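Here is the structure we will look at, set down as structure tokens.
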Amino acid sequence: MQALISYWADQLLASGLSASSVYQILVGKGSSSTYFNAYKYDLTGFFGLAPKLTKAEFKMCLEQAGSPAQLSEASLNKINTSIQVRNGLVNPRQCKIFAEFFELFIQVLVNYRLGASNYVPTSPDINIQTLVKSLIRAIGKKQLVPFSQQLYQDLGQLLTDWPSWQADLLVASYQHAELPALTGDQVAVHLKLEPAYLPLLQQACYQRLWREMASDSRPALSLIKTGLAQVLYPYSDSCQQTRLAKQSGLRLTAIAQARQLKPSTISDHYIEIAIFEPKLLLDEWQALMGQPYQPGLSEKFTDYQTFQSIYPHQPFWCFRFAEILDIRVERSCSGASLLSAIK
């Protein structure tokens, strides 16, 4: 990974961030400022990429900037594509749960169609198995065959827009009674890639799958995502508890009191939530600010001190929230409604 960081060094520093801030993004420092920097400077693909990287190693990476000699151009292209679709701000544990769930769910569906009842589950995790059983019950056994046919069509439609190697990587992990899954080494040989980089590519595949599942034209995939929405979330567990409290109607001070946490901790959670679900915080923000949100608001201030001179006594999260909303609006498709940008 250090060789890749050397390769990306110029790109990372070209963002305008200091070397220290870039290092914090690479190791995945769990602070709201690091989250915001990764989001603002479009470096979410690099967040948490090297959690064990030391400062001395990072300094060496910066001094040795250049393409890693041991990787081909084709391999670098695959890795760069994965970085572009990866979002390191998403809780990696949740991504792992989704990957294990989906592999087991595919295994159960195919084995059911084949009439195979005795097999070793792809995941030994009881919680994963319970999730799969719950979804199977929700679908109903009589509907499993038509559902599996629809799922096959949905996946085929979705994967036609993916690079062939990325689609192959996703499908390579599936297995059933008549088809064993490929080992990591076999997949690496097939993709002509070092096995050490497979986890990065696989994580990016499943994050992309999760983002693209919900669609009226892909009903089976949409049903799966809806069924998992309450148990899979991008946040840390503590932030998720704040999110649930917010969904129940509580505001920041009340959440801090109910959870017996400092308001500053809840404020950090708010900034994290704003990156993924700003609409959840919009009413509270507008009530505090005494005005509706209008695009371009953050152009009035360059830092928190300037913000406070315009909006006295407003908390720090309100400052960050305005910046995040403006970034979302700026990145939204041309002509998109304001509501679609902040949903």
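The values are calculated or read from the model by the stated rules, or taken from the named source; none is laboratory data. These numbers were taken from a predicted model, which means no experiment stands behind them. Cβ placement follows ideal geometry from the backbone for every residue including glycine, while neighbour counts extend to all protein chains displayed.
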All conditions in (1) buried (at least 19 other Cβ atoms within 10 Å of the Cβ); (2) at pLDDT below 90; (3) polar (S, T, N, Q) are true of Gln230 except (1)
Output for Cβ contacts, cut-off 6 Å, separation at least six or different chains, first residue within 20 Å of Tyr41 (Cβ to Cβ) in the stretch 73-99, second among the basic types (Lys, Arg) and buried (at least 16 other Cβ atoms within 10 Å of the Cβ), reads Val85/Arg208
The residue from Thr130, Thr122, Thr81 that alone is at pLDDT 95 or above and β-branched (Val, Ile, Thr) is Thr130
Review point. Looking at this structure, is Ala99 surrounded by 17 or more Cβ atoms within 10 Å (Cβ to Cβ) and among the small types (Gly, Ala, Ser)?
Key: yes
The residue that is farthest from Ser75 (Cα to Cα), considering only those in the stretch 1-27 that are touching a helix residue (DSSP H, G or I) at 6+ places or on another chain (Cβ under 8 Å) and assigned to a loop (DSSP other than H, G, I, E, B), is Leu17
- Message: Just checking, does the stretch 48-70 include any residue being within 24 Å of the chain's Cα centre (by Cα), modelled with pLDDT under 95, in a helix (DSSP H, G or I) and buried (at least 19 other Cβ atoms within 10 Å of the Cβ)?
- Response: no
Reported set for the stretch 186-215 where residues are charged (D, E, K, R), under 30 Å from Pro146 (Cα atoms) and surrounded by fewer than 19 Cβ atoms within 10 Å (Cβ to Cβ) is Arg211, Glu212
Expected output for the stretch 248-267 (first residue in a loop (DSSP other than H, G, I, E, B), partner of a type outside the set (Val, Ile, Thr) and modelled with pLDDT of 95 or more, Cβ below 6 Å, 6+ apart or cross-chain) is Arg251/Glu284
Q) Can Asn111 be described as over 24 Å from Glu212 (Cβ atoms), in contact with a helix residue (DSSP H, G or I) (Cβ under 7 Å, 6 or more places away or on another chain), polar (S, T, N, Q) and not assigned by the TED database to the domain that holds Ala322? A) no
For the stretch 10-32, pairs from a residue that is within 14 Å of Thr44 (Cα to Cα) to a residue that is among the acidic types (Asp, Glu) and assigned to a loop (DSSP other than H, G, I, E, B), with Cβ under 9 Å and 6 or more apart or across chains, are Ser15/Asp42
From the option list Arg243, Arg218, single residue qualifying as crowded, with 16+ Cβ neighbours inside 10 Å and not assigned by the TED database to the domain that holds Gly115 is Arg243
When the stretch 115-165 is checked residue by residue, the ones that are buried (at least 17 other Cβ atoms within 10 Å of the Cβ) and not in a helix (DSSP H, G or I) are Thr122, Ser123, Trp162
